[in-house]
1. What does the structure give for B:84-91 when I average, per residue, the other chain Cβ atoms found within 10 Å of the residue Cβ?
2. Using packing as a proxy for protection, rank B:67-75, B:473-481 so that the peptide with the highest average count of other Cβ atoms within 10 Å comes first.
3. Of the options B:LEU13, B:ALA40, B:SER52, report the single residue whose Cα projects farthest towards the positive end of the charge dipole of region B:1-52 (beta-carbon charges: Lys, Arg +1; Asp, Glu -1).
4. Just how large is the dipole of the protein assembly as shown about the Cα centre, in debye to the nearest 20, putting +1 at every Lys and Arg Cβ and -1 at every Asp and Glu Cβ?
5. Give the angle, between 0 and 90 degrees and rounded to the nearest 10, that separates the Cα long axis of helix A:53-66 from the longest principal axis of the Cα atoms of chain A.
6. What's the average, rounded to a whole number, of partner chain beta-carbon atoms within 10 Å of each residue's beta-carbon in B:195-206?
7. For B:ILE290, list long-range residues whose amide hydrogen, built 1.01 Å from N in the peptide plane, is under 5 Å from its own amide hydrogen.
8. If the only charges are +1 at each Lys and Arg Cβ and -1 at each Asp and Glu Cβ, what is the size of the charge dipole of chain A around the Cα centre, to the nearest 20 debye?
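The values are calculated or read from the model by the stated rules, or taken from the named source; none is laboratory data. All values reported here derive from a predicted model rather than from experimental measurement. Please note: Cβ atoms are built from the backbone with ideal geometry, for glycine as well, and neighbour counts cover all protein chains shown. These accessible areas exclude ligands, DNA and RNA; they are computed on the full protein's heavy atoms, side chains included. Shrake-Rupley method; radii C 1.70, N 1.55, O 1.52, S 1.80 Å.
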Amino acid sequence: MTWETVIGLEIHAQLATRSKIFSTSSTAFGAEPNTQANAVDLGLPGVLPVVNKDVVRMAVKFALATGAAIGKRSVFARKNYFYPDLPKGYQISQMAFPIVGEGVINITLPDGNEKRVGLTRAHLEEDAGKSVHDLFEGSTGIDLNRAGTPLLEIVSEPDMRSATEAVAYARYMHSLVRYIDICDGNMQEGSFRCDANVSIRKKGSETLGTRTEVKNVNSFRFLERAIDFEVERQIEILEDGGTIVQETRLYDADRDETRSMRSKEEANDYRYFPDPDLPPLVIDDAFIEAVAKTMPELPNVRRTRFIDSLKIAPDDAHALCADKQMANYFEAVLEGQNFAPKLASNWILGEVFARMNKDDVELVNMPVPATELGDLIKRVDDGTLSSKLGKQVFDALWSGDTGVDAIIESKGLKQISDTGAIEGMIDEVIAANPSQLAEYRAGKEKLLAFFVGQVMKASKGKANPAQLNQMLKEKLKG
Amino acid sequence: MHDKTLTEQASLLKARSISSVELVDHYLERIARLNPDLNAYLCVDEEGAKSSAQAADKALAAGNAGPLTGIPIAQKDIFCTKGIATTCGSKILQNFKAPYNATVVDKLAQSGTVMLGKANMDEFAMGSSNENSFYGAVANPWQRDRVPGGSSGGSAALVAAQLASAATGTDTGGSIRQPAAFCGITGIKPTYGRISRYGMIAYASSLDQAGPMARTAEDCAVLLQAMSGHDEKDSTSSTLEVPDFTATLNDKLDGLRIGIPKEYFGEGLDGDIADAVHSALAELEKAGAILKEISLPNQSHCIPAYYVIAPAEASSNLSRFDGVRFGYRCENPQNIDDLYTRSRGEGFGDEVKRRILIGAYALSAGYYDAYYLKAQQVRQLVSNDFTDAFNEVDVIAGPTTPTTAFKTGEKTDPISMYLNDLFTVSANLSGLPGLSAPCGFSEGLPIGLQLVGPVQQEARLLNIAHQYQQITDWHKHTPEGIA
């Protein structure tokens, strides 16, 4: 039997505000426990929430970026449950009237195909604190620094049909929220979290199967593996004649498996109701227009521009635009330069990417400024440097040297394009290798590479390869 | 000194005929003597009161005094006071000291009042008799075996017994007006949002509203002025400008249209109260008002709607009292569920538990539409009734309560207790201002006249009550045994 996988994602994007969603405490990560929790975050008696306007602005930005409907009158609701790191005994969220409504986005899959994914909604809510289980013997510590951190929960329709599609969608959202500066996207610190609703059904069936919700996935790789595991598990159960239990399952990356956390029967009745402490959030057109003016160019628009105006190959444009900082870097490299943009794209996706991966460096910490890389590419393009010498200059820049021309000068890396000098070296090499010359002339043309190598060696690698090749061939003919 | 109204005391202070320190010492002496029988104060802050009084006297001497400088008041123990215990009448907050002041506390302190102490109340403001306080019932100064009303019972009793110039209260379903009526004082619940709720421990957030309780409408006007205004820390507080409540106190009542809801004079209303209210209305008519019978057709649905909405909000508001971060925690909890269950089980009283259960039930899956949503629809209908009525009349008048103060321990059935709120909850459900002023006696117990006005019309209510108090002297009667 063939099965079809059905996946919907719930993404929690932590909004990159300075203060919390309903209080003035800082949201900075990594502070000493409970140093960023004030009376409101602690849920002390009599305190009241006040909405951080920045949060509203960011949610509207998200709606504008995705083309989703803006909830002009959204309502905060209380989700009631007891948990030690939930100070008030309820989480302020949005239920019936979210700030962002339905929408549709188109994502590009790794095979190049487009995929249409429906957005159900996106709503604002506060994060809970953290329970610390391993610090105190026999008791649990509570850190409320994270309590009240603003989250935008982005809910998709169950439109994804494979783990690959789910990851492509998650990556798209990850890229988008960083593009529009509403989330730092740091998955390790929990700024961007994915929960996957996974079900399977017989191919051709219109009804959805019973789903499980997979939580605790903190990287795209784990997302893919967790879904794959879950799909396999469900298929096995159904093929053995069993039934799927609707439940929440936790992904365990160490064991690469999902485990039951709680079933639907054990699930809380959250007793949602509108929060009487917060009037409905009303967003007027003027506010939306003001936010619209701050919108950056979106990744898909930018990609199209790279392809159409800068003549970048579609795959390369996609890769460059996946990360806003990378695309910015690319454009900064082109700033004030005349070479073909494609050269910069090749350098970034080739040498720069490789080096960043090798040294495990993030773009923000990249040691080579865009202007330096631009100057370097210019020197390769104008023939001052061969691409091989270019890489040597790049190495120098990477290790902190500055000024491309100064590096070329000080290291004596300038390419030799003087035909007289090259001719002199060719003559010497030919004179020193009479037997190879004879063999070449007898038809063993493979020996061209030997002569090129010898001359390059003599030039200490600086001979202009194109000139060298052309002149050497002439000379070898005799 | 204690038999003077707040306004009279303020004049004496300003004229420097008395000092705030003298006034405070006088009240402290009275509290020490009279409070043990009344149990109206939960705590008295002698030291703080004396130092505030000294500061007030300095301001008075320097000529920087406002209308409240040096006036001793009590705060209902629902308002958080920095460094002074705030119990909300509950065991669960027995040793709780907030690290901040409620906005009301700050505003009244800034206006120069001196806080003598914290007033007893029904636990978490749930009750109509003050019998639900973990710290004991409060005696009604008029007859000690009677209740003072609730939930602001301590505030009402201490004002009636002249143990402070005035007190603050809060009113979710009648908790200022009903005890004001039972104790023969004047109290006003302003429009929802007029006074900040920040630092006022929430019972039912969409209904809770603070207000002043004092001897006269004029005193209430001065206090309301100091308490009102938008607060950035409370998103539900009104941004509308606060009018001068004292400026219109002396306006004449000529042409004032008073609506009398026929539903307020039906079955269940004590005959003496009906007579007293009709007499009061006749006085107002003599003063120029026009009386008109009106109808509030959904009046009978108010109590059921209120007792769904208020407990629903309470069930959520009181979740934070979990024994984890502050307040009462049970001995030797075995695990987190045990900690929750026993801390809350031991920390909350019966009425609080009853309302948490009712509220959680009304919000639970499968019942939400039938109870919570239906109650909200009724709430809208009740509100619409008022909107319709105010097309015809300027204010609405009637009895504050169906009976006078009942005996402590007399009402054991929660429903009969809830019926005390019969005439008061509609103003909370609609967010409207409501005032109660003394208008007679029945067998030695005070009777309250209630006035309800359109939103933001507190000044009108205070004006009518003040004019009424110019031509009657019910508010000047004082209980025996408080000399």
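1. 1
2. Taking the mean over residues of other Cβ atoms within 10 Å, the ranking is B:67-75, B:473-481.
3. Of the candidates, B:LEU13 comes out farthest on the positive side.
4. The calculation lands at about 1660 debye.
5. The angle comes out near 60 degrees.
6. 3
7. B:GLY255, B:LEU256, B:ARG257, B:ILE258
8. 1080 debye
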